[in-house]
Each structure stands twice: as C-alpha cells, then as structure tokens.
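Taking it in order: structure first as structure tokens, then the write-up.
The values are calculated or read from the model by the stated rules, or taken from the named source; none is laboratory data. Worth saying up front: this structure is predicted, and the values here are computed from it rather than measured. When we count neighbours, we look across all protein chains shown, and the Cβ atoms used for this are built from the backbone with ideal geometry, even at glycine.
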Amino acid sequence: MNTPSFWRVALPILSVCFFLLFWSWYVRTAEVSAFVLPAPEAILQALSEMVLDSKLWHHARVTVTEAVSGFVIAVFLGISLGFIMARIPPVEWAAKPFIVLLQLIPKIALAPLFILWFGFGLESKIVIAAALAFFPVFSNALVAFKSVESGDRDVMVMLQASPLQRFVLLDLPTALPVVLTGMEVSVVMAMIGAIVGEFIGGSEGLGYLAVAYLQELAVPELFGVIVVLTLVGLTLYTLIGRLRAWFAPWHASAAKP
C-alpha cells in the first residue's frame, strides 16, 4: 500500500477514534447525565447486546425493505420522466411546474396523509421513501438527458438505430454519471423517508424501535439504533458509489483520488 492510500484509510479511522476519545473524556469530566449523553462505552455495550437479539435484525430488515423499495420506485420514475421530458419539450412545459410544486411541499407534512391513504403497513413507508427520493433522480436525469450532444444523436439516426438502441447505446451511458450522482442523494432521502414514516405511524422498523427505546428512556439503546441506522445508510450510499465504478468507469468521477 503506497503512502496516499495508507493515509486515505488511516485518517478517517484516526479522526473517528479521536472523536470517540474526546466524547468519553467530555462525558466523564463534565459529569453529563447518562440520560442526556451516554458514554461511548455504554452505547457499545448496549449495541453489542442488541446485535445478539433477533429483534434488531427484524426491524433493520423492515427498514431496509422500505427504503430500497422506495428508492427503486423513485429511480424508475425519475429516469423515465426525465428522459420523456428531455425528449418531448411540450411534456416538460406542462408537467415540470407540477413536479416542482410537489417538491416544494414539505414531504414530512404529507407523511400523515400518506399513512391515512395507504395504511400503517409497509406501503405507506415505501410511498414516503419514494416521494423523498424522487426529485434528486428526476432533476439530474432531466439535465443529463438534455446534455446529450445533438451531433451524437444525428450519428445514431444516420446509422438507422432504433429508439431503444439510441437509448441503450447513447442516451443512458452519457447520462449515467450524472444520474448516479442524483441516486447517491436519493438513497439517503429514501432512508430518511422510511424512518419518518416509522416515527409517525409504524409498528416495525428501526424508526419505531428508536421511538420505543425513547419512551422507555433507554438512551444507550436509542444511540445504538442511531448507530445501526448510520451504518445502514452508509452501506446503501457506498453501494451506489460502487455502481459508478462498475457502470461508468470511464467518467472522471469514478476515478479514485
């Protein structure tokens, strides 16, 4: 491992260790109540006990299912609408104001309505996750498909490529790096949407589990759930980042620093 690669791995680890040491020192010296801010050791102990309990994995599976389902729906709708509106300007002129207005409405305020319309099960959480995750993919896809060079499209026409061939061989590869950037934001928003839905009207999931621990004043366990949520979100975000290296290796954004 060369020096830049070593520091690229070592510096994040060192910064996290320093933060945890400072946190532990501050809690002990300032005599902060464990109900306000528990020490990292207490959180680690609670987390180690939670990991051995199948209940945590069940709730984690529910949250991941909601977030990933909403994310997939958002990606499909965002790319589809972005492509259609980029290629048919009248559709963009007619539909974009409604999409922007819907985006300006706080989705958190609409969450109770989604639960009222779709019930307290997985469906409402998936809809909330998809609603939050849609716009980043759509806006990036719209810009990306508009950015395809007209000369390249003319070449595909001269080669008598079918619309499907033009989409697969030209439009999608050209737009993919920008779309993947929107997907990185989108997957985080989908996770937030799933958690918000569980906060408001859930009986399963990590969001529900966090509320349950809060009501029991089990603060270390509550922080443990937050750690799990962070790790799940980081894993999903990293997977989308890996898609860039797999499907758009030629793009500058896929290169390692």
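When residues in the stretch 225-250 are screened for being in a loop (DSSP other than H, G, I, E, B) and within 14 Å of MET183 (Cα to Cα), 1 of them pass. Residue pairs whose Cβ atoms lie under 9 Å apart, separated by 6 or more positions or on different chains, with the first residue in the stretch 105-130 and touching a residue at least 12 places away in the same chain (Cβ under 8 Å) and the second loosely packed, with under 13 Cβ neighbours inside 10 Å and in a helix (DSSP H, G or I), are SER124/LEU116; SER124/TRP117; VAL127/TRP117.
Residue-level check: of (1) surrounded by fewer than 19 Cβ atoms within 10 Å (Cβ to Cβ); (2) touching a helix residue (DSSP H, G or I) at 6+ places or on another chain (Cβ under 9 Å), LEU180 misses just (1). What number of residues within the stretch 85-122 satisfy the criterion of being out of contact with any helix residue (DSSP H, G or I) (no Cβ under 6 Å at 6 or more places or on another chain), surrounded by 13 or more Cβ atoms within 10 Å (Cβ to Cβ) and closer than 30 Å to SER147 by Cα? Of the residues in that region, 5 qualify.
It is to be established whether one or more residues within the stretch 202-224 are buried (at least 19 other Cβ atoms within 10 Å of the Cβ), within 16 Å of ILE240 (Cβ to Cβ), among the small types (Gly, Ala, Ser) and assigned by TED's automatic domain parsing to the domain that holds GLY241. Within the stretch 202-224, none of the residues are buried (at least 19 other Cβ atoms within 10 Å of the Cβ), within 16 Å of ILE240 (Cβ to Cβ), among the small types (Gly, Ala, Ser) and assigned by TED's automatic domain parsing to the domain that holds GLY241.
Taken together, LEU209, LEU222 contain a single residue that is part of a helix (DSSP H, G or I) and without any contact (Cβ under 8 Å) to a residue 24 or more places away in the chain, which is LEU222.
It is to be established whether one or more residues within the stretch 75-90 are among the polar types (S, T, N, Q), under 19 Å from GLY197 (Cα atoms) and part of a helix (DSSP H, G or I). No, that holds for no residue. Within the stretch 5-29, residues that are of a type in the set (S, T, N, Q) reach partners that are surrounded by 10 or more Cβ atoms within 10 Å (Cβ to Cβ) and in a helix (DSSP H, G or I) with beta carbons closer than 9 Å, at six or more positions or on different chains, in the pairs SER24/PRO40; SER24/GLU41.
Those residues that are among the β-branched types (Val, Ile, Thr), under 21 Å from VAL72 (Cα atoms) and in contact (Cβ under 8 Å) with a residue 24 or more places away in the chain, I need them from the stretch 136-178; list them, please.
The initial filter retains those residues of the stretch 136-178 that are among the β-branched types (Val, Ile, Thr), namely 137, 143, 148, 155, 157, 168, 174, 178.
Cutting the leftovers down to under 21 Å from VAL72 (Cα atoms) gives us 137, 143, 168, 174, 178.
Within the stretch 136-178, VAL137, VAL143, THR174, VAL178 qualify.
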